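The values are calculated or read from the model by the stated rules, or taken from the named source; none is laboratory data. What you see is a predicted model, and the numbers here were worked out from it, not measured in a lab. As a convention, Cβ positions derive from the backbone with ideal geometry for all residues, glycine included, and neighbour counts pool all protein chains shown.
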Amino acid sequence: MMQTNNQKQGTKNQKRILEVAILNIKNGRSNDFEETFQIAQKIISSMKGYISHDLKKCVEQDDKYILLVHWKTIEDHEIGFRQSSEYKEWKGLLHHFYEPFPVVEHYI
């Protein structure tokens, strides 16, 4: 079962934004996705405002995951990450696995 949990030092008690994405992976591509995510997580964890992330595999449905990313601010995700050259690399590594493309929402 795939599970990751990475957190930067010294960020435990800060107010956070939680990014939530349900990831439906193309049929039979989960192993490839998990291997590639190991590379991609290094990109997101290097970004300004990143606090931590978890990737969890669904028990009831094959090829389904939930990605939870804690950010300091919504702008750190929407502008700092999504408008960066690092996001282009993230996109190139992961987006071809999704079917359909995930809806991403933010929570406090």
Take the stretch 88-105 and flag every residue that is aromatic (F, W, Y) and under 11 Å from the mean Cα position of the chain (by Cα).
W90
Being over 13 Å from the mean Cα position of the chain (by Cα) and crowded, with 16+ Cβ neighbours inside 10 Å is the filter; apply it to the stretch 73-85 and report the residue that is nearest to Y107 (Cα to Cα).
D76
Could you list, in sequence order, all residues of the stretch 1-33 that are at pLDDT 60 or above and either exposed (fewer than 10 other Cβ atoms within 10 Å of the Cβ) or in a loop (DSSP other than H, G, I, E, B) (or both)?
K15, R16, K26, N27, G28, R29
Take D63 and decide whether it is at pLDDT 95 or above and within 21 Å of V103 (Cβ to Cβ).
yes
Would you mind telling me which numbered condition in (1) out of contact with any Gly (no Cβ under 8 Å at 6 or more places or on another chain); (2) modelled with pLDDT of 95 or more; (3) of a type in the set (S, T, Y) T73 fails?
(1)
Cβ-Cβ under 6 Å pairs, at least 6 apart or on other chains, the stretch 59-73 side charged (D, E, K, R), far side outside any loop (DSSP other than H, G, I, E, B):
D63/I25; D63/S30; K64/N24
What number of residues within the stretch 48-72 satisfy the criterion of being within 15 Å of L94 (Cβ to Cβ) and within 12 Å of the chain's Cα centre (by Cα)?
6
Criterion first (exposed (fewer than 13 other Cβ atoms within 10 Å of the Cβ) and basic (K, R)) does K88 satisfy it?
yes
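Considering only the stretch 67-108, state which residues are in a strand (DSSP E or B), farther than 17 Å from S45 by Cα and of a type outside the set (V, I, T).
Here is the first cut: in the stretch 67-108, the residues in a strand (DSSP E or B) are 67-71, 98, 104-107.
Remaining after also requiring farther than 17 Å from S45 by Cα: 98, 104-107.
Across the stretch 67-108, the qualifying residues are Y98, E105, H106, Y107.
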